[in-house]
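A.B. asks: What follows is a single structure, and I will ask about it in a moment.
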Amino acid sequence: MPILEVQGLSKSYRQAGGEVTLAIGSISCRVERSEFVSFVGPSGCGKTTLLMTIAGLLSPSAGRILVNGQEVDGPPRGLVLLFQEYNKSLFAWRTVLGNVRFGLEARGVHAAEAAERARALIELVGLAGFERHYPWELSGGMQQRVAIARALAYEPEVLLMDEPFGSLDALTRLELEDTLLRLWAELKTTIIFITHDIEEAIYLSDRIWLLSRRPSEIVEELPIDFPRPRHQVATRADAGFMALRNTIYRRISNPVAS
């Protein structure tokens, strides 16, 4: 059984004047346990709408979503959504340790155990020594590391990531890509990743789904066969990497729904 299955998902919105906007036409896909998969498509194609519907924050207009074989009718247990705007999701009045502990406290973990496990996650994301700092004392990349550690504190089976590195500088983004891959390899969490960055999707993923323009549909599924562990220089310098990047770019520049 796949950990996630999307069956004929469609999503539309009714505007104030009564006009209906169809954001997602029809999407069907399956995600296996511990996979790292990405959705890539043109701006405004409904990627975030898709992710929020999978997360149970929006209701499908048609079709259904199954997590571990159970139909989603609200935020399912074992699934966490991490947004791009990490600086708005962190609690400014809590320290790094306090923010990460929040996910454990919400699960009823005893205070002493929560603190110990939070410190372990903080070290895992490379922030040991910053436990007593507040979010506003950290760089953007460090804040996103806190957000990732807090998300992992819930011990999610599925981690949904909506362009989590989109607002970071190039070097920080590369560092966090490698941090995320290391965490994924260690924790075996299933990751569904949204990004506008084609090279990022190739570098991170086991599979990529290409989306058409709105109303979005999957126009192609691409397996990513580059060996792991991956390397920012060697992997990206591979001729096959650039050929795949160019193929995806051409499809996104002129996507046609199948």
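The values are calculated or read from the model by the stated rules, or taken from the named source; none is laboratory data. What you see is a predicted model; the values in this text were computed from it and never measured. Methodologically, a virtual Cβ is constructed for each residue, glycine included, from the backbone with ideal geometry; neighbour enumeration extends over all protein chains shown.
A.B. asks: Could you check, for segment 138-160, whether at least one of its residues is of a type in the set (G, A, S), free of Cβ contacts under 8 Å to residues at least 40 places away in the same chain and farther than 22 Å from R230 by Cα?
C.D. replies: So far as segment 138-160 goes, yes, one or more of its residues are of a type in the set (G, A, S), free of Cβ contacts under 8 Å to residues at least 40 places away in the same chain and farther than 22 Å from R230 by Cα.
A.B. asks: Also, I was wondering about something else. Please return the ranges of helices (runs of 4 or more DSSP H) entirely within segment 136-233 where 1 or more residues are assigned by TED's automatic domain parsing to the domain that holds T95, charged (D, E, K, R) and under 15 Å from the mean Cα position of the chain (by Cα).
C.D. replies: Of the helices (runs of 4 or more DSSP H) lying wholly inside segment 136-233, those with at least 1 residues that are assigned by TED's automatic domain parsing to the domain that holds T95, charged (D, E, K, R) and under 15 Å from the mean Cα position of the chain (by Cα) span 140-153.
A.B. asks: Can I ask one more? Just one of (1) under 28 Å from R228 (Cβ atoms); (2) β-branched (V, I, T); (3) surrounded by fewer than 20 Cβ atoms within 10 Å (Cβ to Cβ) trips up V109, so point out which.
C.D. replies: If we test V109 against (1) under 28 Å from R228 (Cβ atoms); (2) β-branched (V, I, T); (3) surrounded by fewer than 20 Cβ atoms within 10 Å (Cβ to Cβ), just (1) comes out false.
A.B. asks: Residue pairs, Cβ under 7 Å, 6 or more apart or interchain, first in segment 88-114 and within 20 Å of P164 (Cα to Cα), second surrounded by 10 or more Cβ atoms within 10 Å (Cβ to Cβ) and of a type in the set (V, I, T). List them.
C.D. replies: Qualifying pairs under 7 Å: L90/V146; V96/I122; V96/V146; N99/V146; V100/I122; V100/V146.
A.B. asks: Follow-up. Which of (1) over 18 Å from P164 (Cβ atoms); (2) touching a Pro at 6+ places or on another chain (Cβ under 7 Å); (3) in contact (Cβ under 8 Å) with a residue 40 or more places away in the chain; (4) part of a loop (DSSP other than H, G, I, E, B) does S34 not meet, given it meets every other one?
C.D. replies: (2)
A.B. asks: While we're on this one: So, of the residues in segment 188-214 that are touching an Asp or Glu at 6+ places or on another chain (Cβ under 6 Å) and under 19 Å from N254 (Cβ atoms), which turns out to be surrounded by the fewest Cβ atoms within 10 Å (Cβ to Cβ)?
C.D. replies: Step by step, filter segment 188-214, then rank; the result is W209.
A.B. asks: Moving to a separate point now. List the number of the failed condition for G103; all other conditions in (1) in the same structural domain as I54 (by TED's automatic domain parsing); (2) at pLDDT below 90; (3) closer than 24 Å to I54 by Cα; (4) crowded, with 17+ Cβ neighbours inside 10 Å hold.
C.D. replies: (1)
A.B. asks: Taking A185, is it crowded, with 17+ Cβ neighbours inside 10 Å, under 22 Å from A118 (Cβ atoms) and free of Cβ contacts under 8 Å to residues at least 60 places away in the same chain?
C.D. replies: Answer is no for this residue.
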